1. Among the numbered criteria (1) farther than 19 Å from Leu267 by Cα; (2) of a type in the set (Phe, Trp, Tyr); (3) within 16 Å of the ligand (Cβ to nearest atom), which one does Phe41 miss?
2. Can you list the helices (runs of 4 or more DSSP H) found entirely within the stretch 1-107 that contain at least 2 residues being at pLDDT 95 or above and farther than 28 Å from Ser140 by Cβ?
3. Considering only residues that are within 15 Å of the ligand (Cβ to nearest atom), crowded, with 21+ Cβ neighbours inside 10 Å, over 17 Å from the mean Cα position of the chain (by Cα) and over 11 Å from Tyr177 (Cβ atoms), which ones fall in the stretch 141-164?
4. Does Ala40 satisfy the condition of being surrounded by 15 or more Cβ atoms within 10 Å (Cβ to Cβ), hydrophobic (A, V, I, L, M, F, W, C) and farther than 21 Å from Leu162 by Cβ?
5. Looking only at residues in the stretch 240-256 that are within 16 Å of the ligand (Cβ to nearest atom) and not in a loop (DSSP other than H, G, I, E, B), which one is surrounded by the fewest Cβ atoms within 10 Å (Cβ to Cβ)?
6. Listed residues Ile67, Ile63; which is in contact (Cβ under 8 Å) with a residue 40 or more places away in the chain, more than 16 Å from the ligand (Cβ to nearest atom), at negative phi and not basic (Lys, Arg)?
7. Looking only at the stretch 108-118, filter to residues that are in a helix (DSSP H, G or I) and within 13 Å of the chain's Cα centre (by Cα); which one of those is surrounded by the fewest Cβ atoms within 10 Å (Cβ to Cβ)?
8. Return yes or no: is Val202 outside any helix (DSSP H, G or I), near the ligand (Cβ under 10 Å from one of its atoms) and either β-branched (Val, Ile, Thr) or closer than 18 Å to Leu247 by Cβ (or both)?
Amino acid sequence: MVDTRTQLLGVIGDPIEHSLSPLLHNYILNRLNLNFCYHAFQVKTKNLERSLDAFQLMGLKGINVTIPHKEAVFQRMHHVSKVAKQIQAVNTVLFRDGQRWGFNTDGTGFTRSLGEFVKRLPGAKVLVLGAGGSAKAVISALIRQKAGEIGLFNRTCSKAELLCSHFQEVTGYQNIYPRRFDSQILADEISESALIVNTTPVGMYPQTQASPIDAQITFPEKILAYDLIYNPQQTQFLHIAEQAGALTFNGLDMLIYQGVAALEIWLEQKIDITPFFIDLRSFLRRQLKSI
Ligand code: NAP
């Protein structure tokens, strides 16, 4: 129930009407009996600065940031975390002591969503498809987890080259290299990999028949195929991978855990969703089906 002590949280983006974040956060806040309410705000780029000021003035604890504002918000912070600095993008803002503190929890969400598989990352070879905003968060997480090498495939190879150089420079990690998005090169590289992550939007609703990889590709045993897309829940990429015997994960758990990590920043406490994680996931799946 909303009362005079209820504190406001939210997400900004444009468009924002398809965001799952209000459902996700309000579900967790309700289950934990926390007197907060999470709201979606459509913010136009031209109003970004004034909106941040307004949120601060109204006493919001913090906000999430989604497309297209993650990079622009990064530029408008008083302080940014090491990870947000590496990624040059902010998805979580904390308003504290009259200052704006910027974080990026997408990489943490990705890592936590891997569960036990995370133990296989140190020294492992990983392929990342796509070199956009979410790829940066995934790469930053993979480097933190000490992946052995990272092959970065992107349609625009120059963008992959730039991203590899960026991470080599800011993290000192040298085992990341760009690759042309070519079926034969991918087929060669995948044979030695433990994990392949699709960070492109290829296959996302409504283009659900599209896939970033060929249906004929052979997957090595025990590889995990991970798609950041969660709508549909099984993309064509995951379907191909599953048919070929790979373990598959979609992006829903990453979404959940990046949200949990944001809540932990705002509330400055650990949030344990284990007791209701299955219920939460089913709830979000049902909402996705009705979109
Ligand atoms: P982005 O910054 O726009 O990057 C998209 C990347 O995909 C670019 O590298 C682009 O290549 C590539 N790409 C786009 N269309 C392509 C096509 N038709 N064929 C081959 N490559 C293509 O997007 P993003 O923010 O990283 O988001 C990517 C996906 O991740 C979206 O589906 C988003 O919903 C999902 N996501 C999920 C979560 C989660 O929590 N699960 C979090 C963030 C994002 P070029 O450089 O050649 O243009």
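1. The failed condition is (3).
2. Values: elements: 21-31, 48-57, 70-74, 82-87.
So the answer is 21-31, 48-57.
3. Matches in the stretch 141-164: Asn154 only.
4. yes
5. Just the residues of the stretch 240-256 that are within 16 Å of the ligand (Cβ to nearest atom), to begin with: 240, 248-256.
Then drop every residue that is not not in a loop (DSSP other than H, G, I, E, B), which leaves 240, 248-249, 252-256.
Working: Ile240: 21, Thr248: 18, Phe249: 22, Leu252: 21, Asp253: 20, Met254: 28, Leu255: 20, Ile256: 23.
Residue satisfying both the conditions and the ranking: Thr248.
6. It is Ile63.
7. Out of the qualifying residues, it is Arg112.
8. Working: outside any helix (DSSP H, G or I): yes; near the ligand (Cβ under 10 Å from one of its atoms): yes; either β-branched (Val, Ile, Thr) or closer than 18 Å to Leu247 by Cβ (or both): yes.
So Val202 fits the description; yes.
The values are calculated or read from the model by the stated rules, or taken from the named source; none is laboratory data. Small disclaimer: the values here were computed from a predicted structure and weren't measured. Note that we place each Cβ from the backbone using ideal geometry, even for glycine, and neighbour counts take in every protein chain shown.
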